[in-house]
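Undergrad: Starting off with a structure, shown below.
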Amino acid sequence: MRFVHLADVHLDTAYSGRSQPVRRRLREASREALGRAVDLAIREDVQAFLVAGDLFDGELLSFTTERFLLDQAHRLADNGITMVYATGNHDPGMAESGPRRLPWPPNVRVAGDGTPQRIAIHDREGRTCGFVTAVGHASPGERDDLSRRLPRPDGELPEVALLHTQVHTSLGSEAHHAYAPSELTYLMRAGYDYWALGHVHVRQTLFDDPPVVYPGNLQGRTHADTGPKGCVLADLSDRDAPALSFRAIAPVRWETIRVHGLEEADTLDRLERRVVVAWRAAREQEPVTAEMEWMIRVVLAGPCPLWRELRREEDRAALSEELVELLGALDVSVVHDAVHPVVAVEEHRGRPDVLGEALRLIEEIRRGQATLEGLDPGTLAGFTPEGQDAVDAYLRSLLQGVDGEVAARMLGEDGGG
């Protein structure tokens, strides 16, 4: 059995806070990504098209998206492909109104009331080639472990479980509500050949035998959704050796670049040149092509002569507008919180006061000459506990370049005392 596995399409996301042209393009991109997934399914001659929840972002559905979605479902039908859709927390199946009430063609099976459905998948000759057991969210706040409702499979053909869930140990799960929470140890032993999951937007394979897979969201929606986005093409023809490949199909990419070394950026042109250099360096391993569109967040950090200008919303908007053209992006947002005045740190490190002591302590920790004994690693955001050596290394990384910011804050608004 061959199938395409995707999740978290979030059709008709509002994208509030963006300009109208950008909102329109991002909504188009979600539809375009779904169309590309259908193209892939047809081109690869799969038998099933699996959607692991959050096909929709909410109950509101535009006419354009409704027509497009039904057209895609009919394309799958015309090619003998069964679409199985298990609802998620954004598109629960028991809502009184909304996109779930679409007139789906017969090849579409929707699991939306919390009851498992075991669906036979057929090949072009009408022979059964495998089964998909799907269970969907009935409500937007499902707290039960829906994986426990799936019956244990017992057959000679490939068996796939389809579910929108938060596996507790999955990477990025902390960014999502714990809806339909499940345990990896249970999924591993449940008897299925493949777990097609959705909800967590970070692409990952939690276990290899059997594969327990999050494909990530089909098209990025925020700057937390960095990297290529798409779906998984799976072939379970050999149950002992499943073949899986990720296919990047999202037309719009979200990326963040951090720009340091701004001490000489005392004009708009020089500041922009530093950003362009940083963007080109970030893309060295993955060259930009004409087909890619970018939503870019530029995080400026460190001492900069233009720190006052960057505090003004009007000036940041002008910078963003010019960077759109320079970087060839769909949209650019500028984050300036870590920018501070240029301060001659070494002139203050020897001071016999609180500032001097703080700067000396920072330098000693950074060189490994001092440690913060008794520090609770749990207070360090983004740190995974791995022993005291790892804590010290993480602290040193955090303190890189912080001297100037500390000095500027303690010296006052302009860093001059």
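The values are calculated or read from the model by the stated rules, or taken from the named source; none is laboratory data. Quick caveat, the model's predicted, so the values are computed rather than measured. Cβ sites come from the backbone with ideal geometry, for glycine too, and all protein chains shown count toward neighbours. When the accessible area is computed, the model is the full protein with side chains, heavy atoms only, and any ligands, DNA or RNA have been set aside. Shrake-Rupley method; radii C 1.70, N 1.55, O 1.52, S 1.80 Å.
Undergrad: How many residues, within the range 61-88, are surrounded by 20 or more Cβ atoms within 10 Å (Cβ to Cβ), polar (S, T, N, Q) and assigned to a loop (DSSP other than H, G, I, E, B)?
TA: 1
Undergrad: Follow-up. How many residues does the range 283-317 hold that are among the aliphatic types (A, V, I, L, M), modelled with pLDDT under 95 and assigned to a strand (DSSP E or B)?
TA: Residues meeting the conditions: 1.
Undergrad: Which one is most open to solvent (accessible area, probe 1.4 Å), of the residues in the range 146-179 that are under 28 Å from residue 249 (Cα atoms) and in contact (Cβ under 8 Å) with a residue 60 or more places away in the chain?
TA: Result: 177.
Undergrad: Being more than 27 Å from residue 28 (Cα to Cα) and in contact with a Leu (Cβ under 7 Å, 6 or more places away or on another chain) is the filter here, so list the residues in the range 278-315 that pass it.
TA: Of everything in the range 278-315, those that are more than 27 Å from residue 28 (Cα to Cα) and in contact with a Leu (Cβ under 7 Å, 6 or more places away or on another chain) turn out to be 300, 302, 303, 304, 306, 310.
Undergrad: Consider residue 51 against the criteria (1) outside any helix (DSSP H, G or I); (2) open to solvent by 10 Å² or more (accessible area, probe 1.4 Å): it satisfies all of them except one. Which criterion is unmet?
TA: Evaluating residue 51 over (1) outside any helix (DSSP H, G or I); (2) open to solvent by 10 Å² or more (accessible area, probe 1.4 Å) leaves (2) as the failure.
Undergrad: On to the next question. Could you figure out which of (1) outside any loop (DSSP other than H, G, I, E, B); (2) of a type in the set (D, E, K, R); (3) within 27 Å of the chain's Cα centre (by Cα) isn't true of residue 91?
TA: Only one criterion in (1) outside any loop (DSSP other than H, G, I, E, B); (2) of a type in the set (D, E, K, R); (3) within 27 Å of the chain's Cα centre (by Cα) is unmet by residue 91, namely (1).
Undergrad: Based on what the data block shows, is residue 243 open to solvent by less than 60 Å² (accessible area, probe 1.4 Å) and of a type in the set (A, V, I, L, M, F, W, C)?
TA: So residue 243 fits the description; yes.
Undergrad: For the range 117-126, name all the residues that are under 17 Å from residue 153 (Cβ atoms) and open to solvent by less than 40 Å² (accessible area, probe 1.4 Å).
TA: Listed by number, the residues that qualify are 119, 120, 121.
Undergrad: Among the residues in the range 283-293, are any in contact with a strand residue (DSSP E or B) (Cβ under 8 Å, 6 or more places away or on another chain) and either within 25 Å of residue 190 (Cα to Cα) or crowded, with 22+ Cβ neighbours inside 10 Å (or both)?
TA: no
Undergrad: Would you mind stating whether residue 159 is modelled with pLDDT of 95 or more, more than 23 Å from residue 223 (Cβ to Cβ), out of contact with any helix residue (DSSP H, G or I) (no Cβ under 9 Å at 6 or more places or on another chain) and not aromatic (Phe, Trp, Tyr)?
TA: Yes.
Undergrad: While we're on this one: When residue 46 is evaluated against the numbered criteria (1) touching a residue at least 24 places away in the same chain (Cβ under 8 Å); (2) assigned to a helix (DSSP H, G or I), which criterion, by number, is the only one it fails?
TA: (2)
Undergrad: Residues that are within 22 Å of residue 294 (Cβ to Cβ): which strands (runs of 3 or more DSSP E) entirely in the range 178-273 hold 3 or more of them?
TA: Result: 243-248, 252-259.
Undergrad: Would a scan of the range 251-269 turn up a residue that is open to solvent by 30 Å² or more (accessible area, probe 1.4 Å), out of contact with any Lys or Arg (no Cβ under 6 Å at 6 or more places or on another chain) and touching a residue at least 60 places away in the same chain (Cβ under 8 Å)?
TA: yes
Undergrad: Any chance you could count how many residues in the range 18-43 are more than 19 Å from the chain's Cα centre (by Cα) and open to solvent by 50 Å² or more (accessible area, probe 1.4 Å)?
TA: Residues meeting the conditions: 6.
Undergrad: For the range 144-177, which positions are under 23 Å from the mean Cα position of the chain (by Cα), assigned to a loop (DSSP other than H, G, I, E, B) and closer than 24 Å to residue 56 by Cβ?
TA: 165, 170, 172, 176, 177 - these are the residues of the range 144-177 that are under 23 Å from the mean Cα position of the chain (by Cα), assigned to a loop (DSSP other than H, G, I, E, B) and closer than 24 Å to residue 56 by Cβ.
Undergrad: Being buried (at least 16 other Cβ atoms within 10 Å of the Cβ), over 30 Å from residue 155 (Cα atoms) and either without any contact (Cβ under 8 Å) to a residue 40 or more places away in the chain or of a type in the set (Gly, Ala, Ser) (or both), is that true of even one residue in the range 205-219?
TA: no
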